[in-house]
Amino acid sequence: MNTRSPMLNWLLRGSSCGLSAALVLALAGCAQLMQLQPDQLASLAGDVKHAVAPVSVEEEEQIGQESAAVLLGASPPVNNPAMQAYVNRVGRWVALHSDRPDLPWQFAVLDDNDIDAYAAPGGYVFITKGLLLRLHSEAELAGVLGHEITHVVRKHHLNEIRRDSRLALVGTAAQLEMQQHGYNSQALAQIAAAAKLVYSRGLDKDDEFQADREGVVLAARSGYDPYALLEVLQMLQSIDPKSSKMALLLKTHPSPAARIAALSEAMQAGDMERYGNQVEGTERFASEMREFVAVR
């Protein structure tokens, strides 16, 4: 964990940026996890068929903390407390309308010019500076965050990371060990490696289509124009696919054209047109972006 200490120190100095002190302490605390005995480690190691066994809250939180640390280690948050607070306000409002409103949701803008957004188990959602600066309204931001919130709610990354790390908590003894001590360092290393693999490879395309469909529903529930996510996808389609800023997004997601077609069909079938006059928040978003650009 030492390679992340400069970033964590920066977060501790600027914890008002929207990432709570609890998140900072949770990530920093990974290095202090107690060691388990070999027989206890064996109780944590499951084969692939057990990797999607029911997950405890404790397991999801630790996998989420380690996965978020992987993402933050690659790109630190933008040093702009006002912008971080704004994205957190929008994200938490949308998350409150999800099926898991009680998760300790944390949102952050990453200092990365690539165009992308990420989610980690347990309620961590990140959007890159490169994507944020290409949006045009608060409704578009809500749609993007709703997509990522759906990944968390549906445990898409959680299931993939557990499957790839070959770790599962099965049985009362393993559950108790997890609650008392958490994963040992070897297990954490497996989780981190699996998280890196999942974020570089991407999720199943059906997970992405589901996140689009349910993301617009969350935006609509929150009072935003659900068609704004379609506008984001159209914007992505207009960018040169050979741009290096789009490389990871296109590698890990279905093409924008495929997503537009699937989402348009789903929204038509779901009679989403009646929500098309809801809030776009264009002026408020523009005001926030002017402040952001002015202090960069």
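Karplus couplings for the stretch 241-252 from phi (6.51 cos²θ - 1.76 cosθ + 1.60, θ = phi - 60°), rounded to Hz, Gly and Pro as x?
x, 8, 5, 4, 5, 9, 4, 5, 4, 6, 6, 9
Please give me the summed charge of the neighbours of ALA262: other residues whose Cβ is under 15 Å from its Cβ, Lys and Arg +1, Asp and Glu -1. Kindly include the intermediate steps, with their values, before the conclusion.
Details: positive: LYS205, ARG213, ARG259; negative: ASP204, ASP206, ASP207, GLU208, ASP212, GLU214, GLU265.
Here the count lands on -4.
Amide H neighbours of LEU110 under 5 Å, at least 5 residues apart or on other chains, H built in the peptide plane: list them.
VAL78, ILE127, THR128, LYS129
Given the protein chains as shown and a 1.4 Å probe, how many square angstrom of ASP204 are accessible, to the nearest 10?
Here the residue's solvent-accessible area equals roughly 80 Å².
Ignoring ligands, DNA and RNA, how do PHE107, PHE209 rank by accessible area with a 1.4 Å probe, largest first?
PHE209, PHE107
State in Å² the accessible area per residue of the stretch 180-296; use a 1.4 Å probe, count heavy atoms of protein chains only, and round to the nearest integer.
Heavy-atom SASA per residue in the stretch 180-296 reads 53 Å².
Could you sort the peptides 55-66, 270-281 by per-residue average Cβ neighbour count (10 Å cutoff), highest mean leading?
Final packing ranking: 55-66, 270-281.
So what does ILE260 come to for accessible area, using a 1.4 Å probe and Å² rounded to 10?
30 Å²
Shape call for the stretch 224-296 from the C-alpha gyration tensor, a ≥ b ≥ c root eigenvalues: rounded (a/c under 1.5), prolate (a/b greater than b/c) or oblate? List each step's numbers first, then the result.
Working: a/c = 3.43, a/b = 1.07, b/c = 3.20.
In terms of gyration-tensor shape, oblate.
Please give the FRET efficiency for VAL57 paired with ASN277, using the beta carbon to beta carbon distance and R0 = 30 Å, rounded to the nearest 0.05.
For R0 = 30 Å, the calculated efficiency reads 0.20.
Can you send over the carbon and sulfur percentage of the accessible area for the stretch 240-296, probe radius 1.4 Å, protein chains only?
Here it works out to 50 percent.
The values are calculated or read from the model by the stated rules, or taken from the named source; none is laboratory data. Only a predicted model underlies this, so the values are computations on that prediction, with no experimental measurement involved. So basically every Cβ, Gly included, is an ideal-geometry build from the backbone, and we count neighbours across all protein chains shown. Ligands, DNA and RNA are excluded from the accessible area calculation, which covers all protein heavy atoms including side chains. Shrake-Rupley method; radii C 1.70, N 1.55, O 1.52, S 1.80 Å.
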